[in-house]
């Protein structure tokens, strides 16, 4: 990655500043790229929240919130697509252009690079273009599919491919397959030289939101009602869930058994069961995940009987792995969609077989939901079973899958390619939004 | 005693309540046999590997409702107002921007609009029916894809393959080869290279022309990209109480549970209500 991040001398971008904005549903990633140097992006919650005492927090103000119980969110991005501009403008105004913004930029002298999810509705894209130029007045602008920016990294160092010292990292990567598992959904995008192969883009409607909701439902059924505490459930999910390498045996080991049966694995926890200490927002602001300890449980039950229980403990058993399992088997909850590996195979079947080896050997997984332990190992294992034996399957996850797209976009901001796709305000005023939509959808292909 | 899954509340007078009626039992219908077992054996002999396909209508409705709930963001419908700014005059917007900012449409509203427009463009209600979201992820109108595929080559200038073959630089000329060749020379020849046991068969790369056609493919629509459900494997079923394999079914409502313990837990709250 380091090689890809080096500033390219050959590309003096006309506007010196580029605001790179990866506008996700859960967080937005923003940073100002000034003439070649790439700073750390800010990761800001993309939401307006209201807590129990009806106080309202906009975006990064959420840090000041002390009590997350029963907090509610309003998100401008719905199902991955920017829908509600009223809320989004409020957040952008505060975080990017307001008095408290960490970096100051004047839109009229700045280029905007904005990411979007593939297969957006044309009307939403048009809305976005109009706001960018008519409301903010950026001097130039590029809106591209988020996954494609991941090509602007040194892909082969991510896979630790042995290579000659002389060959510099060439960006965009020739051929790769990006799996983006985010908050709203999981998309599969094959890329050829940084350009998406539209006919083979596939999507599964399962993302972090769905998993959190599912976990909240399981806990509400088995322990106590947490359907209004999705924020806490989400933290619990991030802390405790993992993708099982062997689902059957894990499920077997967490089963309590038939009536009266004391299964050893169940009593001891089998290394899978964990305790999650819920935050009470007085003494404890973050939940704690710890090993399951049967002795401790007996003690705390006694304490609870006398009314001296100090902490609320949730024992997580098969919830730990049945929740992320949905990405690989959506049909477990009755959703009629293929699992991730099946969807990748469907995507490959749209393409000539000659591209398969290249795509399968360069699978990169990004997005917050890919952070589950065991995610890439499981994906690799399932893919190997599906694809022809001769194909080598390599699945990699960058060091930080959440900001990887942003860094890729920042690299592209310094790459000569950007000059070919960007649209200036003047062009917008001359040609209108329909022309822009066409230009962005053809992307790099235009000569 | 078998009461067909209906709970009778003790009451003196008879009311015409919705929910149950005497119907003639005409043989074993696939869906109703599980619901209305005439005897215990018939219930036991119901087909073993139940897939999503042969659930009862009630269970399907329940699953659909649950998935909708899972796809929602937040527990219930909420409206959080934008905090009012004090001491700031409302900024002026262009008419377009004002329209967009004031729009309260949700994504599903936009999606419905889009489908309606698409149906109009494609002409005729038949196409509209094909694109309905509900359960038709696999029903992609075949004629439409052909049309788009046929229209693409005219849009993009055809390169002349052959000229670009030798061009190995990554220079951004107008029509470079789509894929660049090898970066390093192949390793030196080895006497064992021709051994049929060592030979690896690699499919040929598609031609430049083919790749260019792929790259010029227009974006698919929202529903076209959704993964297609294939009924290759039986659906796994889980215990609704503890999450283990669902090996036993509740005789009343068909809910899956794992063993007696969970079945008893489930029975406590098993109510088969009209319309549930």
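The values are calculated or read from the model by the stated rules, or taken from the named source; none is laboratory data. On a predicted model such as this, the values are computed, not experimentally measured, just so you know. Glycine also receives a Cβ, built like all others from the backbone with ideal geometry; neighbour counts cover every protein chain displayed.
Looking only at the stretch A:155-173, decide whether some residue is at pLDDT 90 or above, more than 9 Å from every other protein chain (Cβ to nearest Cβ) and surrounded by 19 or more Cβ atoms within 10 Å (Cβ to Cβ). Scanning the stretch A:155-173, I find no residue that is at pLDDT 90 or above, more than 9 Å from every other protein chain (Cβ to nearest Cβ) and surrounded by 19 or more Cβ atoms within 10 Å (Cβ to Cβ), so the answer is no.
Looking at residue A:59, is it modelled with pLDDT of 90 or more and outside the structural domain of residue A:170 (by the TED database)?
Numbers: modelled with pLDDT of 90 or more: no; outside the structural domain of residue A:170 (by the TED database): yes.
Judged against the criteria, residue A:59 is not a match.
Out of B:119, B:127, one residue alone is surrounded by 13 or more Cβ atoms within 10 Å (Cβ to Cβ) and modelled with pLDDT under 55. It is B:127. Within the stretch A:33-55, the set of residues being buried (at least 16 other Cβ atoms within 10 Å of the Cβ), over 30 Å from residue A:203 (Cα atoms) and within 12 Å of chain B (Cβ to nearest Cβ) comprises A:50, A:51. Looking at the stretch A:190-211 only, could you name the residues that are over 14 Å from the mean Cα position of the chain (by Cα) and more than 7 Å from chain B (Cβ to nearest Cβ)? Answer for the stretch A:190-211, where residues must be over 14 Å from the mean Cα position of the chain (by Cα) and more than 7 Å from chain B (Cβ to nearest Cβ): A:190, A:191, A:194, A:196, A:200.
Checked against (1) in contact with a strand residue (DSSP E or B) (Cβ under 9 Å, 6 or more places away or on another chain); (2) touching a residue at least 40 places away in the same chain (Cβ under 8 Å); (3) surrounded by fewer than 16 Cβ atoms within 10 Å (Cβ to Cβ), residue A:285 meets all criteria but (1).
Output yes when any residue across the stretch A:269-281 is more than 10 Å from chain B (Cβ to nearest Cβ), in contact (Cβ under 8 Å) with a residue 60 or more places away in the chain, surrounded by fewer than 23 Cβ atoms within 10 Å (Cβ to Cβ) and within 30 Å of the chain's Cα centre (by Cα), and no when none is. Yes, the stretch A:269-281 contains at least one residue that is more than 10 Å from chain B (Cβ to nearest Cβ), in contact (Cβ under 8 Å) with a residue 60 or more places away in the chain, surrounded by fewer than 23 Cβ atoms within 10 Å (Cβ to Cβ) and within 30 Å of the chain's Cα centre (by Cα).
Based on this model, can you work out whether residue A:263 counts as touching a helix residue (DSSP H, G or I) at 6+ places or on another chain (Cβ under 7 Å) and closer than 20 Å to residue B:246 by Cβ? Against the criterion (touching a helix residue (DSSP H, G or I) at 6+ places or on another chain (Cβ under 7 Å) and closer than 20 Å to residue B:246 by Cβ), residue A:263 does not qualify. Would a scan of the stretch A:139-148 turn up a residue that is in a helix (DSSP H, G or I) and surrounded by fewer than 20 Cβ atoms within 10 Å (Cβ to Cβ)? Among the residues of the stretch A:139-148, not one is in a helix (DSSP H, G or I) and surrounded by fewer than 20 Cβ atoms within 10 Å (Cβ to Cβ), which makes the answer no. Does residue A:244 satisfy being over 30 Å from residue A:53 (Cβ atoms), under 32 Å from the mean Cα position of the chain (by Cα) and part of a loop (DSSP other than H, G, I, E, B)? Considered against the rule, which asks whether it is over 30 Å from residue A:53 (Cβ atoms), under 32 Å from the mean Cα position of the chain (by Cα) and part of a loop (DSSP other than H, G, I, E, B), residue A:244 comes out as yes. Please work out which residue is farthest from residue A:391 (Cα to Cα), limiting yourself to the stretch B:190-206 and to residues that are modelled with pLDDT of 80 or more and within 7 Å of another protein chain (Cβ to nearest Cβ). Filtering the stretch B:190-206 for residues that are modelled with pLDDT of 80 or more and within 7 Å of another protein chain (Cβ to nearest Cβ), the one farthest from residue A:391 (Cα to Cα) comes out as B:206.
Residue by residue, here is whether (1) in contact with a strand residue (DSSP E or B) (Cβ under 7 Å, 6 or more places away or on another chain); (2) buried (at least 16 other Cβ atoms within 10 Å of the Cβ) holds:
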{"position": "B:221", "(1), (2)": "no, yes"}
{"position": "B:226", "(1), (2)": "yes, yes"}
{"position": "B:233", "(1), (2)": "no, no"}
{"position": "B:239", "(1), (2)": "yes, yes"}
{"position": "B:242", "(1), (2)": "no, yes"}
{"position": "B:247", "(1), (2)": "no, no"}
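Would you confirm, using the coordinates I've provided, whether residue A:44 is more than 22 Å from residue A:398 (Cα to Cα), at pLDDT 90 or above and touching a helix residue (DSSP H, G or I) at 6+ places or on another chain (Cβ under 6 Å)?
Working: more than 22 Å from residue A:398 (Cα to Cα): no; at pLDDT 90 or above: yes; touching a helix residue (DSSP H, G or I) at 6+ places or on another chain (Cβ under 6 Å): yes.
For residue A:44, the condition - more than 22 Å from residue A:398 (Cα to Cα), at pLDDT 90 or above and touching a helix residue (DSSP H, G or I) at 6+ places or on another chain (Cβ under 6 Å) - is not met.
Just a yes or no: is a residue in the stretch A:347-356 touching a strand residue (DSSP E or B) at 6+ places or on another chain (Cβ under 6 Å) and within 14 Å of chain B (Cβ to nearest Cβ)? Within the stretch A:347-356, one or more residues are touching a strand residue (DSSP E or B) at 6+ places or on another chain (Cβ under 6 Å) and within 14 Å of chain B (Cβ to nearest Cβ). Does the stretch A:103-123 contain any residue that is over 30 Å from residue A:363 (Cα atoms) and facing chain B (nearest Cβ under 9 Å)? Scanning the stretch A:103-123 turns up at least one residue that is over 30 Å from residue A:363 (Cα atoms) and facing chain B (nearest Cβ under 9 Å).
Applying the selection to the stretch A:61-91, what residues are more than 11 Å from every other protein chain (Cβ to nearest Cβ) and touching a residue at least 40 places away in the same chain (Cβ under 8 Å)? I'd like the intermediate steps shown before the answer.
Keep residues of the stretch A:61-91 that are more than 11 Å from every other protein chain (Cβ to nearest Cβ), which gives A:62-69.
Result: A:66, A:67, A:68, A:69.
Of the residues examined, residue A:292 is not one that is away from chain B (no Cβ under 14 Å) and in contact with a helix residue (DSSP H, G or I) (Cβ under 6 Å, 6 or more places away or on another chain). Only residues that are assigned to a loop (DSSP other than H, G, I, E, B) and buried (at least 18 other Cβ atoms within 10 Å of the Cβ) were counted across the stretch A:61-104, and they come to 9.
If you filter the stretch A:422-442 down to residues that are part of a helix (DSSP H, G or I) and in contact with a helix residue (DSSP H, G or I) (Cβ under 6 Å, 6 or more places away or on another chain), you find that the one that is nearest to residue A:146 (Cα to Cα) is A:437. Only one of the numbered conditions (1) within 13 Å of chain B (Cβ to nearest Cβ); (2) surrounded by fewer than 19 Cβ atoms within 10 Å (Cβ to Cβ); (3) free of Cβ contacts under 8 Å to residues at least 60 places away in the same chain is not met by residue A:136, and that is (2).
Annotation: residue A:111 fulfils all but one of (1) over 23 Å from the mean Cα position of the chain (by Cα); (2) outside any strand (DSSP E or B); the unmet one is (2). Between B:230, B:224, B:209, the distinction of being outside any helix (DSSP H, G or I), under 27 Å from residue A:358 (Cα atoms) and more than 7 Å from chain A (Cβ to nearest Cβ) belongs to B:224 only.
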